[in-house]
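Asker: Encoded as structure tokens, here's the structure I'll be asking about.
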Amino acid sequence: MNAAPLYGLILAGGASTRMGRDKAVLNYRGRSQLEAVFELLNAVCERSFVSVRSDQRHEPVRAKLPQIVDRQPGIGPIAGISAAQAEYPNAAWLVLACDLPFLSATTLTHLIAHRDANRIATAYRSTYDTLPEPLCAIWEPASRDTVNQWIAAGKQCPRKVLINSDTALLDPIESRALDNINTPDEFNSAQTRLA
């Protein structure tokens, strides 16, 4: 079986309530986190997009990048995954959160090299609880029906989709690569570590 083409999706449609400001446009190493992640993703995928809410389309950083607009806002990251799958149903999606400042090309190329296109998804295990990390994972076209059924049942957690599905799980090769940054204190700590 030939693997589906791999497209990239950065989930940047959140409200950033814990941070108190837009996480996607936080500046790390002299540029926004969204631009940095897009560059990483675009280097390893055939096409890449930013997942946004309709009211974010004209925000200056997002407006510079190809977008897919959420079709079901208010249900979290799964809305972005579902919208991307509806837009390009024959693609597999390398889905990333927008708040991973320690993510590297090494982690992404390892994920792609170990992709199992015969499973619903390929994901890293969390270094904290060994559960699947859905926001640095490859979602195959076969996951589309499952995602839609999950949403139709009123469920919103993409991690639980992967827990309850035939997911290939990989051990992370870089311990901090999937650390996400949600609060001002975490942002300050990340800035110090990156410096």
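None of the figures in this text is laboratory data; all of them are computed from the coordinates on show. Just so it is clear, the structure is predicted and the values come from calculations on it, not from any experiment. As a convention, Cβ positions derive from the backbone with ideal geometry for all residues, glycine included, and neighbour counts pool all protein chains shown.
Asker: If you place +1 on the Cβ of every Lys and Arg and -1 on the Cβ of every Asp and Glu, how big does the dipole about the Cα centre of region 1-114 come out, in debye to the nearest 20?
Answerer: 220
Asker: Which ordering of LYS160, LYS23 is given by a fewest-first count of other beta-carbon atoms within 10 Å?
Answerer: LYS160, LYS23
Asker: Once phi is turned into ³J(HN,Hα) by the Karplus curve 6.51 cos²θ - 1.76 cosθ + 1.60 with θ = phi - 60°, what whole-Hz value does each residue of region 144-155 show in order, with x for glycine and proline?
Answerer: The phi angles translate into 4, 4, 5, 4, 5, 5, 4, 5, 4, 7, x, 9 Hz.
Asker: Quick one: which residues, 5 or more positions from THR127 or on another chain, have an amide H under 5 Å from its amide H? H modelled 1.01 Å from N in the peptide plane, none for Pro or chain starts.
Answerer: none
Asker: Normalised by the empirical 2.2 N^0.38 Å for globular proteins, what value does the Cα Rg of region 50-158 take?
Answerer: Relative to the 2.2 N^0.38 Å estimate, region 50-158 comes out at 1.08.
Asker: Follow-up. Could you pull out every residue, at least 5 positions away or on a different chain, whose amide H is within less than 5 Å of the one on LEU94? Hs are placed 1.01 Å off N in the peptide plane, and Pro or chain starts have none.
Answerer: TYR7, GLY8, LEU9, TRP139
Asker: While we're on this one: Calculate one ³J(HN,Hα) per residue across region 25-34 by plugging θ = phi - 60° into the Karplus curve 6.51 cos²θ - 1.76 cosθ + 1.60, and present them in order as whole Hz with x for glycine and proline.
Answerer: These are the phi-based 3J(HN,Hα) values: 9, 4, 9, 10, 6, x, 8, 5, 4, 4 Hz.
Asker: Mind giving me the FRET efficiency for ASN164 and ARG57? R0 is 25 Å, r the Cβ-Cβ distance, nearest 0.05 is fine.
Answerer: 0.15
Asker: Per 0.36 nm of contour for each residue apart, how much would the distance between ARG47 and LEU194 grow if the chain were fully extended, relative to their Cα-Cα spacing?
Answerer: 50.1 nm
Asker: Which of ALA142, ALA24, ALA63 moves the most in a Gaussian network model of the chain with Cα springs under 10 Å?
Answerer: It is ALA63.
Asker: Taking just the alpha carbons, could you work out the radius of gyration and Dmax for region 118-195, both in angstroms?
Answerer: Taking only Cα atoms of region 118-195, I get Rg and Dmax of 14.8, 45 Å.
Asker: To continue, here is another question. Ignoring solvent entirely, what values of log10 I(q)/I(0) come out of the Debye formula for the chain at 0.13, 0.19 Å⁻¹ when each Cα is a single scatterer?
Answerer: -0.63, -1.46
Asker: Can you find, among SER32, ASN180, THR167, the residue sitting farthest towards the positive end of the charge dipole of the chain, where Lys and Arg contribute +1 and Asp and Glu -1 at Cβ?
Answerer: SER32
Asker: If you don't mind, another one. Of the options ALA152, PRO60, PHE49, report the single residue whose Cα projects farthest towards the positive end of the charge dipole of the chain (beta-carbon charges: Lys, Arg +1; Asp, Glu -1).
Answerer: So the residue we want is PRO60.
Asker: While we're here: Suppose every K and R has +1 on its Cβ and every D and E has -1 on its Cβ; what is the size of the dipole of the chain about the Cα centre, in Debye to the nearest 20? All intermediate terms of the calculation are to be shown ahead of the outcome.
Answerer: On the way: 20 positive and 20 negative charges, 59 e Å.
The dipole of the chain has a size of about 280 debye.
Asker: Now, a different point. How large is ³J(HN,Hα) for each residue in region 57-69, as worked out from phi by the Karplus curve 6.51 cos²θ - 1.76 cosθ + 1.60 (θ = phi - 60°), to whole Hz, x for Gly and Pro?
Answerer: 4, 9, 4, x, 6, 5, 5, 7, 10, x, 10, 10, 8
Asker: For region 89-195, build the charge dipole from Cβ charges (+1 Lys, Arg; -1 Asp, Glu) around the Cα centre, then report which of ALA113, SER143, LEU94 sits farthest towards its positive end.
Answerer: Towards the positive end, the residue furthest out is SER143.
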